[in-house]
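The values are calculated or read from the model by the stated rules, or taken from the named source; none is laboratory data. All of these numbers come straight from a predicted model, not from anything done at the bench. Glycine gets a Cβ as well: all are built from the backbone with ideal geometry, and neighbour counts include every protein chain shown. Heavy atoms of the whole protein, side chains included, go into the accessibility calculation; ligands, DNA and RNA do not. Shrake-Rupley method; radii C 1.70, N 1.55, O 1.52, S 1.80 Å.
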Amino acid sequence: MSIIDSQLLPRTATVNDAGVLSIGGVAVAAMAEQFGTPLYVYDEEHLRNRCREAVAAFGKDRVIYATKAFLCGAMARLAHEEGLLLDVATGGELFAALHAGVLGERCVLHGNNKSVEELRAAITARVQHIVVDSFDELDRIEKLHSEGLPAPRVQLRITPGVHVDTHDYVATGQDDSKFGFNLNNGDAMRAIQRAQASAAVELVGIHCHIGSNVLSVANFADACAVMVNLFLSVDLPELTLGGGLGVAYTNGETAPSMSEWADVLKRATSAIPAEKKVFVEPGRSIVATAGLTVYEVGTVKSIDGIRTYISVDGGMSDNPRPMMYGSAYEAFDPARTSADRTEHVRIVGKHCESGDIVINDALVAPNVQPGDLLVTPVTGAYGHSMASNYNKVPRPAVVFVANGAAREVVRRETLEDLVRFDI
Ligand code: LLP
């Protein structure tokens, strides 16, 4: 039997006797009917619960939501209301957070190549702190200070020299990285000394980010050990143990829970005096499983002796992750969620590329027809945020659903939107 694992579905997902899937009390098919497909659907209760679990595990004002995983006004406000700070990695993400009504002091600015304008915007907005990534960035902040801007609170991003088991494209803690000050070659200490001596910054802490979608808590423990050592040797009030907690994407995959992750970090930081602040930066684990994508099937083509191709009405423009990282997903028809998925098919998108593969070898229930819906769960992180207009495909709408009501929080793009920058 291959029925979709319930752990891949949002928390309020229910399946009735006929196999019909609802989220937040609304049938997925009804949302597809009302808002069209492809459609990103988020379970609002799931989002809030994940935020609350993170705050319960790590403490108030210690969780910094990495907005790159999923950012729109509604999400920025939701995370803010739940007491999370927001990690913004560009001036654009900062603008979106401020535009949503989040105060600068609840934002933390990241980025390996922040422009003078991005730094100016962050300092002017009085962000909680800036995570400084390079000596060139220190030069830029010093220049802004000499022009009269106040000295921002900063943490320094340290590369701890730890390799984690994740895709190379999202591993960040190893020596060979574009991010941060290298600990092993002495840059980290040089940066700490320079920032401590500079009137242009108020050095409040150090930061590390070891990678994204980390599924082994042992990896966190290794990175923490290095960072805690360094932290105890410098007298600073704040430490950020960044690094994204991973999630399960497919049946049978497992990921640590928020509290397992917290336990490992707490043990690893037990030598740190209580008055110091330790922050964490989950992104994906807050939003990934809360969200799913609903597609409509357009064509079904069987090639005898080779395979069946099922084309859906989206693809690499709404989820580039399979092409970028070889990421695997599941798919199922929300009208027959409990059906045994016995057919091997390849689910592809509508883009003009053979590589536009949503799921290379998907299991689906027999006899999928044009007009059926297909859901890919666990697309809440880096789906909407990495979507593009490739082939001039308008980006899908985003819907939040809760307590029997679905509301559009990002509208579907129109054809007019596709040409609005033409001059
Ligand atoms: N903190 C910092 C400084 C980060 O750069 C990131 C992610 C996170 C936290 C959150 O990590 P997460 O919770 O997402 O694992 N597009 C890729 C992921 C790139 C992540 C970049 N930084 C993907 O789709 O897998």
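Here are a few things to note about the model shown:
- Distance in nm between pseudo-label sites at Phe135 and Ser354 (7 Å out along the Cβ direction from Cα): 4.8 nm
- DSSP H segments from the chain that extend 20 Å or more along their own axis, Cα-based, with Kyte-Doolittle mean of 0.5 or above: 217-233
- At R0 = 22 Å, FRET efficiency that the Cβ-Cβ distance of Glu275 and Ala218 yields, to 0.05: 0.20
- Residue-wise HN-Hα coupling along the stretch 334-351, computed from phi with Karplus coefficients 6.51, -1.76, 1.60 (Hz; x: Gly, Pro): x, 8, 9, 4, 8, 6, 5, 8, 10, 9, 8, 9, 10, 9, 10, x, 9, 7
- Over the chain, the hull volume per residue, using the convex hull of the C-alpha atoms, is 148 Å³.
- Full-stretch length increase - Ala56, Glu253 - with 0.36 nm per residue and alpha-carbon distance subtracted: 68.4 nm
- With the Kirkwood sum run over all distinct C-alpha pairs, the stretch 236-336 has a hydrodynamic radius of 17.5 Å.
- Entry note, the chain: the mean residue ellipticity at 222 nm calculated from DSSP H runs of n ≥ 4, each adding -39500 (n - 2.57), is -8000 deg cm²/dmol after division by the residues and rounding to the nearest 500.
- Candidate lysines - alpha carbon under 29 Å from Lys114, same-chain residues fewer than 8 apart omitted: Lys60, Lys68, Lys143, Lys178, Lys276, Lys277
- Descending semi-axes in whole angstrom, ellipsoid equivalent of the stretch 45-286, from the Cα gyration tensor: 26, 22, 16
- Rolling a 1.4 Å probe across all protein chains gives Val201 an accessible area of roughly 10 Å².
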